[in-house]
1. Residues of region 37-61 being within 21 Å of Glu103 (Cα to Cα) and crowded, with 18+ Cβ neighbours inside 10 Å, which ones?
2. Return the pair list, or none, for Cβ contacts closer than 9 Å from residues in region 88-100 that are within 17 Å of Arg42 (Cβ to Cβ) to residues that are of a type in the set (Lys, Arg), at least 6 apart or on different chains.
3. Any residue in region 34-60 that's free of Cβ contacts under 8 Å to residues at least 12 places away in the same chain and in the same structural domain as Ser81 (by TED's automatic domain parsing): show its pairings with residues that are assigned to a helix (DSSP H, G or I) and among the hydrophobic types (A, V, I, L, M, F, W, C) at Cβ separation under 7 Å, as long as the two are six or more apart or on different chains.
4. For region 57-93, give me each residue that is in a strand (DSSP E or B), over 13 Å from the mean Cα position of the chain (by Cα) and under 20 Å from Arg105 (Cβ atoms).
5. Within region 2-43, restricting attention to residues that are over 17 Å from Gln67 (Cα atoms) and of a type in the set (Val, Ile, Thr), which residue is modelled with the highest pLDDT?
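The values are calculated or read from the model by the stated rules, or taken from the named source; none is laboratory data. This one's a predicted model, so the numbers in the text were calculated from it and none came from an experiment. Cβ atoms come from the backbone with ideal geometry, glycine included; neighbour counts cover every protein chain shown.
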Amino acid sequence: MTDLLLDHIDSGGAQREELPSLKLAILEILSDHKSRTSAIDRRRLGVEVLREVGYVISDREIREAIQELRSSDSRGALIMSSSGASGYWMAQNIQEIQAHYREERSRALSILVRIRAQLILAEVGFQWTKVDPVGDLPQMDLFE
């Protein structure tokens, strides 16, 4: 497998960096999956990655690599997934990116609502005097 060099723009201008083999393998594999209907599930992606890099990569490592690609690589930003579809695919238009954004945003907001409620309920349970979700929380004493 040949090394692929990507241009990254930073404050000093263009810089060439080598993309690690796992991330490169994921991008190469996903380039063959260009729609929700041709999505590749994580198990199959793991098998394909094994073929590309020559060693077993854990599911967690694959998920982490995908997250890093999505936030740091222009091609990785096109990696799509959905709770309503199994697997990953590469977006082909801005509408897919926008739909993914809306789904991820909704999921994030739901998590924030849940953990805020959890914190408030914990305050009642431990009889805390203050709930400070962004600062330092008071020490919990389970044996009061």
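1. Ala39, Ile40
2. From residues that are within 17 Å of Arg42 (Cβ to Cβ), the pairs are Tyr88/Arg42; Trp89/Lys34; Trp89/Arg36; Met90/Lys34; Met90/Arg75.
3. Val56/Leu50
4. Those that are in a strand (DSSP E or B), over 13 Å from the mean Cα position of the chain (by Cα) and under 20 Å from Arg105 (Cβ atoms): Ala85, Trp89.
5. Thr37
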